[in-house]
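What follows is a short report on a single structure.
The values are calculated or read from the model by the stated rules, or taken from the named source; none is laboratory data. Keep in mind that this is a model prediction, so the values were computed, not measured. Cβ coordinates were reconstructed from backbone atoms using ideal geometry, including for glycine residues, and neighbour counts include every protein chain displayed. The accessibility values were calculated without ligands, DNA or RNA, using every heavy atom of the protein model including side chains. Shrake-Rupley method; radii C 1.70, N 1.55, O 1.52, S 1.80 Å.
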Amino acid sequence: MSVKLPLLKELNQRFALEKVDDMNVNEVSQTRWGKARFGGSSAALLGISLGIGVVVSAGLGWSFSLLGDVERPVLVFTLMTVSTLPVTTALGWAVLVDRTTILGAIEKPDDSIESVWYEKAAGGVFGDILLVGGLGAAAFAFTKIEAPISWCLAAVVLFAMLDFAARFLWQKKSAS
């Protein structure tokens, strides 16, 4: 009884069996945009991703035009659909793409040096947010300053983003 190569490849990947290099089972063709997990070409992946993006964006536009108090719902639907289409299409692609088929993608991104920099920067930012949030709350309480909560939260988020960027770049510079 002979075993077909795709089945052997799937078993090899699923159960981490030994490599079968002599039969070229692990050879995967790579393209710039990758291929879908379910098979097919890059064009099929991009087409399905675009379809997912159109459906999700249209749903967002429809719900935004229904839930909002707007004078021209068709215009709101169109603007919301067009503005969210690139993001929803990219999300559809990210869900469907097989990483091993992307040209130049690293095999284990969690083991990269950038991942270590990210973890160190995020850990530092968490401590800074706790410190700044606590000191800010104490300062606001003792000085009896009143500010809209949206401004306070926006300031904390802006601080966190700038702090993360600075810490990440510092990690990158100190590594080189």
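Things to note:
- Backbone phi angles across region 150-164, fed through the Karplus curve with coefficients 6.51, -1.76 and 1.60 (θ = phi - 60°), yield HN-Hα couplings of 5, 5, 5, 5, 4, 5, 5, 5, 4, 4, 4, 5, 5, 4, 4 Hz in residue order; Gly and Pro are listed as x.
- Given their separation in residues at 0.36 nm each and the Cα-Cα distance between them, ILE102 and SER115 gain 2.8 nm when the chain is fully extended.
- Extreme residue, positive dipole direction of region 74-119, given options LEU103, LEU79, GLY92 (C-beta unit charges): LEU79
- log10 of Debye I(q)/I(0), alpha-carbon scatterers only, for region 101-176 at 0.11, 0.21, 0.24 Å⁻¹: -0.43, -0.94, -1.07
- The distance from the alpha carbon centre of region 126-144 to that of region 67-93 is 38 Å, rounded to a whole number.
- Working ranking of peptides 151-163, 131-143 by packing, defined as the average number of other Cβ atoms within 10 Å per residue, highest first, is 151-163, 131-143.
- Backbone N atoms of region 41-63 closer than 16 Å to the 7 Å Cα→Cβ label point of THR78 belong to residues 58, 61-62.
- Surface exposure of region 32-113, expressed per residue as accessible area with a 1.4 Å probe, stands at 68 Å².
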